[in-house]
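The values are calculated or read from the model by the stated rules, or taken from the named source; none is laboratory data. Given the structure is predicted, the values throughout are model-derived calculations rather than measurements. Reconstructed Cβ throughout: ideal geometry from the backbone, glycine too, with neighbour counts over all protein chains shown. Keep in mind that these areas ignore ligands, DNA and RNA; they rest on the heavy atoms of the full protein, side chains included. Shrake-Rupley method; radii C 1.70, N 1.55, O 1.52, S 1.80 Å.
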Amino acid sequence: MSRFKTARALIIVCSLALIVVAFVASRYLQRKGTAEALLERADELSWNNQWMAATPLYEQAEQLFNKDGRTYAALYAHVSQFIMRAESEPLPRLLLELQRAESLPAAQVPDTRLRILVIKGMIETNYDASMARQTWQQVEDLALKHGHYLLMSRAMGEQGIAAFLLGDFAAAKTLVRRAWIASECLRDPAAHVRYASVYGAGLVELQRYEEALKVLDEAIRTAERSRGVAYPSIAVNSKIDALRGLHRYQDALSLADDAIRRLPATALDAHMFQILTSKGEVFSDLGKPIEAEVRYTQALEYARKLNYWRGIAQTGGLLAEAYEQANDLPSALRSINEAIHANEQLPDELYFVPHNLAIKARILAKLGDTKESRVLYEKSLTLIDSLVATAPTPDVERELLTQLGLVYKGYFDSLSKSGDIAGAFRVVEKARGRIEAQALEDHAPVLPHEPTSQEQHIMQLNVKLLETNRPNVTAELQEEIDRAELQSGGPALASIAARKPLSIEAVQEHLRPNELVLEYVLADPVSSVLAITRRSVRKYELASRSTIEADSLRYRKVIHDRQMNAALAATLFQELLAPVAEYKTNTSVIVIPDGQLHLLPFSALMDQSSYILADHVVSASPSSTVLCLLRDREDATLQDPLQYVGVAAGAGPSTKPSVFLKSIAFLRDQQPSPLPETKAEVETIAHEFPASSTVLVGTDATETRFKGLPLVQYRVLHLALHGTVNLEYPDRSALVFSPEEKGPDDGLLEVREIRNLRLKARLVTLSACNTGVGPIGESDVENLGNAFIEAGAESVVSTLWELQDRTAERLMTVFYQNLSHRSDKAAALRDAQLELVRAGLSPYYWAGFEISGDPSGIL
């Protein structure tokens with residue numbers, strides 16, 4: 001059914017709200033009896049989100065239904081117990097059970113099938129939002145078909161929540177608003193509380209704290225005035241986090257104390273655990289570790305009573321850090337050991353182990369046990385490698401990569417403080433290579449399934465690695481895990497960088513006399529940069545990650561608003577470049593960025609009153625190892641028989657974007673802007689390559705035509721195309737070609753397709769919008785440019801924001817003219833940018849272009 005028809009059905013239902021029964025319709029209730037009464041009461045409780053109170057009733061009802069042979073009702077009651085099981089059992093295992101339940105004959109009864117889908121959708125929301133969105137669509141359709149209008153309304157709201165978690169904010173806003181209105185019209189306060197709670201929690205994750213407070217307050221107020229609705233634990237805990245984010249710590253503590261006074265008698269232990277953990281985090285933010293210790297200790301008492309292993313693993317780690325902050329290292333060690341032991345009780349969910357191992361490694365280093373500390377850091381990194389290789393969903397993968405960032409930075413700091421700069425460099429290079437390799441893999445969600453023999457083998461190796469304290473056994477297990485992971489393959493260049501990062505000495509051999517590599521590691525409270533030249537390597541300490549990233553975001557916003565802030569540009573120069581003595585004597589700077597530095601236009605920083613590109617050439621590379629590997633394969637790009645291919649889609653009035661392409665732009669909350677100047681751009685540049693060039697413009701600029709060219713033979717690829725970023729699945733970020741009605745391709749050249757192209761190009765230019773932008777992890781940005789490097793390109797010019805079309809054409813034309821005069825690539829781009837600087841244009845018009853990969857060499 002279309003969205004329009006569904007919305008109309010909701011309007012009709014609203015007019016009949018007074019005669020709708022306000023709980024889940026159940027055909028079983030037509031037959032009265034003890035089992036039916038239990039089920040009816042359990043449904044009332046669960047409808048109001050009181051799952052803990054409902055679960056024992058479902059269990060009793062299941063037993064009674066089984067006795068008299070009503071398997072369809074017993075199955076209904078059985079799967080209804082899964083929500084509470086999800087608090088302590090692995091979600092994939094529960095989803096696999098639900099899949100099996102769907103295939104049973106008893107599941108063919110409409111209400112039982114609907115119930116299975118509802119439980120499945122609720123669990124999937126915490127497992128993978130894309131899967132949940134599809135399941136809730138099934139619930140909506142089936143509920144409408146069978147007249148369950150309240151459930152249909154809730155299913156629409158749940159789809160909105162899933163869309164929000166997927167970053168599809170436009171669809172989320174529409175769906176949640178409709179469901180929200182329907183919940184008021186249909187007198188369904190429990191749904192109202194859930195939508196507001198989860199939506200507000202999502203806003204907190206996005207750090208939109210003020211906006212989140214309004215939504216969360218509404219959830220709390222609605223729950224307080226609605227009899228029978230469950231205590232709004234998600235809203236209360238999310239509001240505490242929002243107040244923490246706004247540094248309103250006293251308000252956060254007052255809310256927590258008030259929440260404890262209002263807690264219901266049922267599920268008291270679980271709620272107390274959550275709120276006490278939140279209070280501990282507030283005291284940690286305030287720099288009061290003793291107060292934090294007390295709250296974490298109290299929270300853990302409740303978690304132990306519940307055998308809540310996930311809670312012990314997480315809060316135990318927080319308690320260890322609080323003891324560490326108070327310099328009570330023996331207590332910190334005891335706490336982290338308990339947290340790691342709790343991790344071991346959930347072998348299917350080892351995702352928090354690496355972080356806890358890194359905490360223990362840090363504590364041991366402070367206790368003077370450097371050897372064991374390094375063993376634990378290595379063990380943690382090996383576990384992350386293994387877990388990332390088998391991560392079932394993008395959410396799990398991102399969590400692991402975030403932990404990888406935290407672990408390698410701790411290890412980097414430990415090694416560099418001990419004077420082992422070479423070891424510190426190896427760790428950071430290996431981590432960046434691993435992240436880059438993972439970013440370029442094709443990772444769709446893995447449906448719950450019985451573990452394969454390889455997955456079981458890796459899981460067993462992970463548990464053995466966690467349990468052993470013998471260094472020789474640890475080394476053997478690490479090698480065996482590495483071999484098992486290699487069986488799944490991976491992108492060659494990034495995988496090499498991850499598994500065999502080059503030494504500092506090898507990197508220095510690849511550098512030219514005037515080159516300076518700056519490898520940044522952002523951390524709190526102190527960041528670092530390794531400055532590497534042909535003859536020296538030195539580590540410098542910088543401002544905190546929080547300070548640098550806040551200033552970087554502010555400056556990027558200033559530039560995007562087409563303004564200029566010389567003081568802020570100079571501040572960033574002082575934070576990032578001024579401390580490095582080698583900067584003054586080396587004119588070619590190659591930046592290996594970290595975090596938000598991936599999106600910072602270094603060329604627009606100011607040394608006193610001048611932009612640094614006035615006397616320095618600035619470029620970027622994913623890692624030092626990748627830079628060297630690119631230089632090693634440079635000879636293969638020197639004999640290209642064809643010189644140039646230029647592609648410009650959307651260049652002309654006859655080009656009409658397909659419905660599919662419009663839908664992509666809609667999800668990004670904007671319409672695709674026309675690119676009228678790109679035709680002239682690619683044709684003008686073609687004149688610089690008179691020997692052999694190919695130009696595809698307008699309706700000829702299709703994905704099929706482009707992929708049909710002998711791309712491996714071209715020296716230069718110039719693509720004046722829109723770029724679209726997929727935040728949930730970065731490997732599906734794409735360049736947008738002209739639509740084709742009957743062709744085999746969809747017009748989107750995705751990252752996963754780009755990395756499989758065979759290229760030997762010396763230069764790929766992506767001159768349109770946002771092609772250098774992507775989701776930022778702890779130490780990398782997942783973007784289109786890196787995919788072209790993986791495919792074989794030596795260097796890539798991309799953009800950090802949407803550009804003014806006419807100015808971009810001018811800059812690109814001058815860039816290629818400079819190249820034709822035998823300037824090297826980075827210098828040619830710098831000189832083209834300087835022309836716009838001299839014309840008085842703000843950084844918005846020129847600083848968004850950056851060159852990555854190997855910036856040296858002429859065409």
- Task: Provide the FRET efficiency to the nearest 0.05 for the residue 822-residue 538 pair, computing r from the beta carbons and using R0 = 51 Å.
- Result: 0.90
- So for the pair residue 174, residue 570, with labels modelled 7 Å out along Cα→Cβ, what separation do we get in nm? 5.0 nm
- Note on the structure: Carbon and sulfur atoms account, in whole percent of the 1.4 Å probe accessible area of the stretch 183-341, for 48 percent
- Message: Within the stretch 99-176, what whole-number % of the accessible surface is contributed by carbon and sulfur, with the 1.4 Å probe and all protein chains included in the calculation?
- Response: 55 percent
- Note on the structure: Ignoring ligands and nucleic acids, residue 231 exposes an accessible area, probe 1.4 Å, in Å² to the nearest 10, of 50 Å²
- Task: Using only the Cα atoms of the stretch 264-326, each taken as one equal point scatterer with no solvent, compute I(q) by the Debye sum, divide by I(0), and report log10 of the ratio at q = 0.17, 0.22, 0.26, 0.29 Å⁻¹.
- Result: -0.49, -0.77, -0.99, -1.16
- Please list the radius of gyration and Dmax for the stretch 22-143, considering alpha-carbon atoms only, with Å as the unit. 13.5, 40
- Give me the distance between the Cα centres of the stretch 115-135 and the stretch 687-761, rounded to whole Å. 36 Å
- Prolate/oblate/rounded label for the stretch 521-637 (Cα gyration tensor, a/c 1.5): prolate
- Message: Based on the alpha-carbon set only, what is the convex hull volume of the stretch 153-252 divided per residue, in Å³?
- Response: 81 Å³
- Query: Per-residue HN-Hα couplings for the stretch 331-341, Karplus 6.51 cos²θ - 1.76 cosθ + 1.60 at θ = phi - 60°, whole Hz, x for Gly and Pro?
  - Reply: 5, 4, 5, 4, 5, 6, 5, 5, 4, 5, 4
- Message: Quick check for me: using +1 on Lys/Arg Cβ and -1 on Asp/Glu Cβ, what's the dipole size of the stretch 121-175 about its Cα centre, in debye to the nearest 20?
- Response: 140 debye
- Query: So, with +1 on the Cβ of K and R and -1 on the Cβ of D and E, and no other charges, what is the size of the charge dipole of the stretch 163-219 about its Cα centre, to the nearest 20 debye?
  - Reply: 180 debye
- Message: What distance in nm lies between label points placed 7 Å from Cα along the C-beta direction at residue 59 and residue 37?
- Response: 2.1 nm
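Using Cα-Cα distances under 8 Å and only pairs 6 or more residues apart, what relative contact order does the stretch 561-619 have, in percent?
41 percent
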- Query: From the phi of every residue in the stretch 377-388, what ³J(HN,Hα) in whole Hz does the Karplus formula 6.51 cos²θ - 1.76 cosθ + 1.60 yield, where θ is phi - 60° and glycine or proline is x?
  - Reply: 4, 5, 4, 4, 5, 5, 4, 4, 3, 5, 5, 5
- Task: Express the accessible area of the stretch 288-420 per residue in Å², computed with a 1.4 Å probe while the remaining protein chains stay in the model.
- Result: 38 Å²
- Message: Kirkwood Rh over alpha-carbon pairs of the stretch 296-349, then Stokes-Einstein at 10 °C and 1.306 mPa s: what D in µm² s⁻¹, rounded to an integer?
- Response: 146 µm²/s
- Of the heavy-atom accessible surface of the stretch 508-643 (probe 1.4 angstrom), what whole percent is carbon and sulfur? 49 percent
- Could you name the lysines in cross-link range of residue 239, using Cα to Cα under 29 Å and dropping any fewer than eight places away on the same chain? 120, 173, 214, 279, 288, 305, 557
- When ligands, DNA and RNA are left out and all protein chains stay put, how many square angstrom of accessible area per residue does the stretch 244-283 have with a 1.4 Å probe? 46 Å²
- Message: Using the basic label-point model (7 angstrom from Cα toward the beta carbon), what is the residue 550 to residue 225 distance in nanometres?
- Response: 3.8 nm
